[in-house]
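Chemist: The structure under discussion is supplied below as structure tokens; questions concerning it will follow.
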Amino acid sequence: MAAFSAAMAESLAGYYEFIGAQMHKWADPLTQEQFWSNPRGYGNSAGHLVLHVTGNLNYYIGARLAGTGYVRNRDLEFTDASGRPKEEVLEAFDRAIAMVAGAIRGQSEEDWMRDYSAEREPQAKNRFTIVLRCAGHAYHHVGQMIYIYRELEKK
């Protein structure tokens, strides 16, 4: 069973690294202005999506699983009007992905089924479930990034 646990951890960590690469694929070509613009008039900008995924991972996996002490301001992830440099926002995202991958690779076989709880997450009862749910959530937002990129590409 330990071999399966190690293989699962490596696959999950690799998937988060893939998500990171995909986020960059669609965010990197955007200008600073495009990164913070909302081409559809509803939803979010690419910048706000990156802030949101970064906050999500830093809270649900960083603070609650890896013990980083991260304190989340979820509302600000969608409303931050500072227009911070795109590179700074993406670097914070990259650090979150690296932290998640490291936390996943550090889980023992017994750790995966340890109890888990967090604000706004009543369904994740163990560590495996939250790692899986956060991966799906992050990749969902990569899909939104593709739509934003394609809309901006038309202009």
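The values are calculated or read from the model by the stated rules, or taken from the named source; none is laboratory data. Note that the structure is a prediction, hence the values are computed from the model and not measured. All Cβ positions, glycine included, derive from the backbone under ideal geometry; neighbour counts span all protein chains shown.
Chemist: Helices (runs of 4 or more DSSP H) wholly in the stretch 1-93 with at least 3 residues that are modelled with pLDDT under 95 and within 17 Å of Gly106 (Cβ to Cβ) - which ones?
Modeler: Values: elements: 2-27, 32-36, 46-57, 74-79.
Answer list for the stretch 1-93: 2-27.
Chemist: Could you grab me the full set of residues in the stretch 130-150 that are of a type in the set (Val, Ile, Thr), buried (at least 18 other Cβ atoms within 10 Å of the Cβ) and under 18 Å from Trp26 (Cβ atoms)?
Modeler: Val142, Ile148
Yes/no per residue for (1) surrounded by 13 or more Cβ atoms within 10 Å (Cβ to Cβ); (2) farther than 17 Å from His141 by Cα; (3) of a type in the set (Phe, Trp, Tyr):
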| residue | (1), (2), (3) |
| --- | --- |
| Val50 | yes, no, no |
| Leu90 | yes, no, no |
| Ala103 | yes, yes, no |
| Glu119 | no, yes, no |
| Ala124 | yes, yes, no |
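Chemist: Residue under question is Leu76, and the condition is that it be surrounded by 14 or more Cβ atoms within 10 Å (Cβ to Cβ) and over 24 Å from Glu119 (Cβ atoms); does it hold?
Modeler: Criteria not met by Leu76.
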